[in-house]
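Chemist: Here's a structure for you.
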Amino acid sequence: MVDAANLAAWSGARDNRLWVTICVGLPGILVGLATMDSPYDLKRHLAAVVAFPMALAGVVEVIRVRVCRQRE
């Protein structure tokens, strides 16, 4: 969970949009909280399935913005 917070802080320091910063830290936080509750439960897998598409969308947005900046 600490790594997720560090990644979100790094994303914020790089001046990414707020929703990108949230999507970067969300998978680690959700999976970490689900694992703390019960490490051998299905909740952590469901949290990963829910949060992974949002994290992937954040990565795609960062790549898209960087490519647009390079073209300018």
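Chemist: Roughly how many percent of the accessible protein surface of the chain is carbon and sulfur, given a 1.4 Å probe and a whole-percent answer? Before the final figure, lay out the partial values.
Modeler: Details: 3590 of 5230 Å².
C and S fraction of accessible area: 69 percent.
Chemist: Moving on to the next point. Just want to confirm a number: the relative contact order over the chain, from Cα pairs under 8 angstrom separated by 6+ residues, in percent.
Modeler: It rounds to 32 percent for the chain.
Chemist: Over the chain, average the accessible area per residue using a 1.4 Å probe and give it in Å², no decimals. Write out the running numbers ahead of the final one.
Modeler: On the way: 5230 Å² over 72 residues.
About 73 Å² of surface per residue is accessible.
Chemist: For the chain, rounded, prolate or oblate, judged on the Cα gyration tensor with a ≥ b ≥ c (square roots of eigenvalues), a/c < 1.5 rounded, else prolate if a/b > b/c?
Modeler: It comes out prolate by the Cα gyration axes.
Chemist: Here is a follow-up. Name the residue farthest towards the positive end of the dipole of the chain from the options 59, 22, 48, assuming +1 on Cβ of Lys and Arg, -1 on Cβ of Asp and Glu, about the Cα centre.
Modeler: The listed residue farthest towards the positive side: 59.
Chemist: What do you get for the angle between helix 43-71 and the principal long axis of the chain? Use alpha-carbon atoms, 0 to 90 degrees, nearest ten.
Modeler: Once rounded, one gets 10 degrees.
Chemist: Add -39500 (n - 2.57) for each DSSP H run of 4 or more in the chain, then divide by its residues: what number comes out at 222 nm, to the nearest 500 deg cm²/dmol? Could you put the intermediate results ahead of the total?
Modeler: Numbers: 3 runs with 61 residues, N = 72.
Helix-only estimate at 222 nm: -29000 deg cm²/dmol.
Chemist: On a 0 to 90 degree scale, rounded to 10, what angle separates helix 2-13 from the longest Cα axis of the chain?
Modeler: Here the helix axis deviates by roughly 20 degrees.
Chemist: With +1 on each Lys and Arg Cβ and -1 on each Asp and Glu Cβ, how big is the dipole of the chain about its Cα centre, in debye rounded to the nearest 20?
Modeler: On the way: 8 positive and 6 negative charges, 64 e Å.
Value, rounded to 20: 300 debye.
Chemist: While we're on this one: How do 23, 68 rank by accessible surface area computed with a 1.4 Å probe, from largest to smallest? List each step's numbers first, then the result.
Modeler: Values: 23 15, 68 55 Å².
Sorted by accessible area, descending: 68, 23.
The values are calculated or read from the model by the stated rules, or taken from the named source; none is laboratory data. Keep in mind that what you see is a predicted model, and the values were worked out from it rather than measured. When we count neighbours, we look across all protein chains shown, and the Cβ atoms used for this are built from the backbone with ideal geometry, even at glycine. To get the accessible areas, we keep the full protein, side chains included, count just its heavy atoms, and leave off ligands, DNA and RNA. Shrake-Rupley method; radii C 1.70, N 1.55, O 1.52, S 1.80 Å.
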